[in-house]
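The values are calculated or read from the model by the stated rules, or taken from the named source; none is laboratory data. These numbers were taken from a predicted model, which means no experiment stands behind them. Because the Cβ atoms are built from the backbone with ideal geometry, glycine has one as well, and the counts that use them run over all protein chains shown.
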Amino acid sequence: MKPNIGIKEQNLVKSVALLSSVLADEMTLYVKTRKFHWNVSGESFMELHKLFQSQYTELEEIIDEVAERINKLGSNTIGTMKEFLQHGRLKESPDKYPAQKEMIKELLHDHDFVIIELRKDIEKCQDNKDAGTTDFLTGILQQHETNAWVLRRYLK
């Protein structure tokens, strides 16, 4: 049954499409962060190993919340790697195993990318008159800003 929550059907469809892209980006960033957690080595190994674990654990929570938001808006949630790759805007970097500093730079770049995309998504949600998703995405944006700030501090 479709929700009757004061958002036009076409705007619900737009919000779900947007959230599917957000979900795919979060999943890509999660996988990349987890890969770096598994493969980090060197002088600050344990510190970065734990940092990456902390960040991918936070991303797991975001992923679940985005999936549930899609369901709250009355739609099914994508859930295969093929769908994530189709809907995602963030790109993978297969066959790359960078050194610590490059891992940090890549994750920082990805968080910054997600922040920029979320800002655009928030504007679209405002246009859709979807205040709930606007507020929801603002919270996610703030989490990414914090993670980007932490990563940026390693590069100073």
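Across region 114-125, the number of residues qualifying as without any contact (Cβ under 8 Å) to a residue 60 or more places away in the chain and of a type in the set (D, E, K, R) comes to 3.
One line per residue, one yes/no per condition, for (1) within 18 Å of T146 (Cβ to Cβ); (2) surrounded by fewer than 19 Cβ atoms within 10 Å (Cβ to Cβ):
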position: D25; (1), (2): yes, no
position: T33; (1), (2): yes, no
position: F45; (1), (2): no, yes
position: E65; (1), (2): yes, yes
position: R89; (1), (2): no, yes
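Residues of region 6-15 that are surrounded by fewer than 23 Cβ atoms within 10 Å (Cβ to Cβ), at negative phi and of a type outside the set (D, E, K, R): I7, Q10, N11, L12, V13. Of everything listed in (1) over 12 Å from the mean Cα position of the chain (by Cα); (2) of a type in the set (A, V, I, L, M, F, W, C); (3) under 20 Å from K124 (Cα atoms), the single unmet condition for L19 is (1).
For region 69-87, residues that are loosely packed, with under 14 Cβ neighbours inside 10 Å and either at positive phi or under 14 Å from the mean Cα position of the chain (by Cα) (or both) total 1. Against the definition (touching a residue at least 40 places away in the same chain (Cβ under 8 Å), on the phi > 0 side of the Ramachandran plot and surrounded by fewer than 20 Cβ atoms within 10 Å (Cβ to Cβ)), how does K129 come out, yes or no? In short, yes. Being among the small types (G, A, S) and at pLDDT 95 or above is a description that applies to S21. Checking each residue in region 32-57 for being among the hydroxyl-bearing types (S, T, Y) and touching a Phe, Trp or Tyr at 6+ places or on another chain (Cβ under 8 Å) picks out T33, Y56.
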